[in-house]
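All remarks here apply to the structure that follows.
The values are calculated or read from the model by the stated rules, or taken from the named source; none is laboratory data. Model, not experiment: these values are computed from the prediction. FYI the Cβ positions are ideal-geometry reconstructions off the backbone, even for glycines, and counts take in every protein chain you see. Note: areas computed on protein heavy atoms with side chains; ligands, DNA, RNA excluded. Shrake-Rupley method; radii C 1.70, N 1.55, O 1.52, S 1.80 Å.
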Amino acid sequence: MTLADLLDPARCGRLVVKIGSALLVENGAPRRSWLETLADDLAALREGGTQVIVVSSGAIALGAARLGLSGGGRANLAEAQGAASVGQVALAQLWAGVFEAHGIIAAQMLVTLGDLEDRRRYLNAAATIDMLLGKGAVPVVNENDSVATEEIRFGDNDRLAARVAQAAGADGVLLLSDVDGLYDRPPSEEGAKLVERVEGVTPEVIAMADGGSGSGLGSGGMLAKLQAARIAERAGIALGIADGRGDAPLARLRGSGRGTIFLPVRSDNARKAWLGGRIAPEGVLTVDDGCVKALGEGASLLAAGLTEVAGDFQRGALVSLHGPKGERLGQGLVEYSAEECRAIAGLRASEQEARLGYAPRAAVVHRDHMVRA
C-alpha cells in the first residue's frame, strides 16, 4: 500500500483526514481560500465513493485572535478553554460554509478524552459517526478544549484522529500537516531523508521524531504523529503524513505520493484495539523476568510475578505493564486496587487469601483484558 492509496476508494473506503492548526489559521484568521480548495478535494473524494471524516484543529487559534489573547491562547488553561469556546463556533461555521458550497452537510462532534477512553461512550461515539456517514454528512471532530483539563485531554488531534478512526472502523487516516512526513533525523539537518514507508513503529522509528510543533500553533509534533500511528496500526488502519500547505493538498498528493505511510502490523479485535488505543493509564505494574516471558507467551499477569506498583487506582482501571528494566510491555484492565496489588505482589495464589481476606481472583490482569505493546 502506498500513501496515494489512501485516496483510492477501492483501498480506503472510509478515511479520516486531520487538519493541523498551522494549515487552517494564519495570523489569527482562517485561510479560507485554502480551505475551499481542500473542500473541493474532499467533495471529489466523496463523489468517488470514499466516506470522509474530518478531524480539525484551529479552535483555540481562531478564538484567541477574536479575544485578543497573546500567545495564541495557550498561556494557561483558562485562556485555552475560553479561546476554544469562541473558536469552536467560528470553526463550525467555517466548515459548514465550505461544505455547503458542495451541497454537503457538516456535523460538529466535540469529544473529550473520556468519551473515547470509556467503552460505553466510545461505542456511542462510533454509532453517531456511523449514522452521520450513512446519511451523507461529514462529521467534523475536534477535542472539546472548552471543558477538558490538562489531566483529561488528548492534547493533540493526531492521536484523536487515530482514535476516531478506530471508533469509525475507518480504513485509513491522513494527517495533513506543515511537514511532509517522517525524516530519519530532524529535517533541518544536512542529509536528512524522508522515510516513505514504515512497517511498525519501533523504538528506532520513535528515535527519529523531532519533538514539538514547527508552527507553534499546534500541540502535536512528530512524536504525537508516531503515537497516532501506533494506535492505528494495532487496529489494522493505515496512517499517512503529508504536507498540506499548498492549495488542493489531496489532489497534489494523488499526483506526487510524497509523504510517509505507516502500514498496520496487526489487526486486533475491536475491543482489544480500543483497549490498546487508550492513552491514559492510571498506574504502572512492574514485573520480573519470568513474568515477562510468560506474558510474551500469552499468559495472564499473576501476582507472583509482580514486583512494584505505582499509582493510586481502583479495580477495573487501565494500567501500564513494565518489565524490570522499565521497558513497556503493554497495558490492561487490573482486577485489584493499587493497595491490594501491593499487598499481594510476589505472592503465590495459596498465600494471597490470608493477605486479602477473601479468595483471590484468577489474575492481576487477565490476558483477555490485556494488549501487548
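Working carefully through the options GLY216, GLY181, GLY155, GLY244, find the one that is modelled with pLDDT of 90 or more and at positive phi.
GLY181
What are the residues in the stretch 103-120 that are under 16 Å from the mean Cα position of the chain (by Cα) and surrounded by fewer than 16 Cβ atoms within 10 Å (Cβ to Cβ), if any?
GLY114, ASP118, ARG119
Which ones in the stretch 273-282 are open to solvent by 10 Å² or more (accessible area, probe 1.4 Å) and closer than 24 Å to GLU339 by Cβ?
Across the stretch 273-282, the qualifying residues are ARG278, ALA280, PRO281, GLU282.
Name the residue, out of GLY332, GLY305, GLY357, that is under 29 Å from ALA167 (Cα atoms) and outside the structural domain of LEU123 (by the TED database).
Being under 29 Å from ALA167 (Cα atoms) and outside the structural domain of LEU123 (by the TED database) holds for just one of GLY332, GLY305, GLY357, which is GLY332.
So for the stretch 317-327 (the condition being in contact (Cβ under 8 Å) with a residue 40 or more places away in the chain and hydroxyl-bearing (Ser, Thr, Tyr)), does at least one residue qualify?
no
Considering each of LEU3, LEU38 in turn, give the residue that is among the aliphatic types (A, V, I, L, M), buried (at least 23 other Cβ atoms within 10 Å of the Cβ), in contact (Cβ under 8 Å) with a residue 40 or more places away in the chain and out of contact with any Ser or Thr (no Cβ under 9 Å at 6 or more places or on another chain).
LEU38
For the stretch 42-94, give me each residue that is open to solvent by less than 50 Å² (accessible area, probe 1.4 Å), hydroxyl-bearing (Ser, Thr, Tyr) and free of Cβ contacts under 8 Å to residues at least 60 places away in the same chain.
THR50
Could you list all residues from the stretch 303-336 that are closer than 20 Å to ARG361 by Cβ and among the charged types (D, E, K, R)?
GLU308, ASP312, ARG315, GLU335
From the residues in the stretch 344-360 that are in contact with a Leu (Cβ under 8 Å, 6 or more places away or on another chain) and open to solvent by 30 Å² or more (accessible area, probe 1.4 Å), which one is nearest to GLY305 (Cα to Cα)?
This residue is GLY346.
Under 6 Å by Cβ, and 6 or more places apart or on different chains, what pairs join a residue from the stretch 192-206 that is assigned by the TED database to the domain that holds GLN227 with one that is open to solvent by 30 Å² or more (accessible area, probe 1.4 Å) and of a type outside the set (Asp, Glu)?
Filtered contacts from the stretch 192-206: ALA192/TYR183; ALA192/ARG185; LEU194/TYR183; GLY200/VAL265; VAL201/ARG230.
Kindly provide the set of residues from the stretch 11-33 that are at negative phi, in contact (Cβ under 8 Å) with a residue 12 or more places away in the chain and surrounded by fewer than 19 Cβ atoms within 10 Å (Cβ to Cβ), ordered by number.
ARG11, GLY13, ALA29, ARG32, SER33
Here's the yes/no breakdown for (1) within 23 Å of the chain's Cα centre (by Cα); (2) surrounded by fewer than 20 Cβ atoms within 10 Å (Cβ to Cβ); (3) part of a helix (DSSP H, G or I); (4) at pLDDT below 90:
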residue: LEU285; (1), (2), (3), (4): no, no, no, no
residue: ALA299; (1), (2), (3), (4): no, yes, no, no
residue: ARG342; (1), (2), (3), (4): no, yes, yes, no
residue: ALA362; (1), (2), (3), (4): no, yes, no, no
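Given the stretch 157-272, what helices (runs of 4 or more DSSP H) lie entirely inside it while holding 1 or more residues that are open to solvent by less than 30 Å² (accessible area, probe 1.4 Å) and not aliphatic (A, V, I, L, M)?
The qualifying helices (runs of 4 or more DSSP H) are 157-168, 222-233, 249-256.
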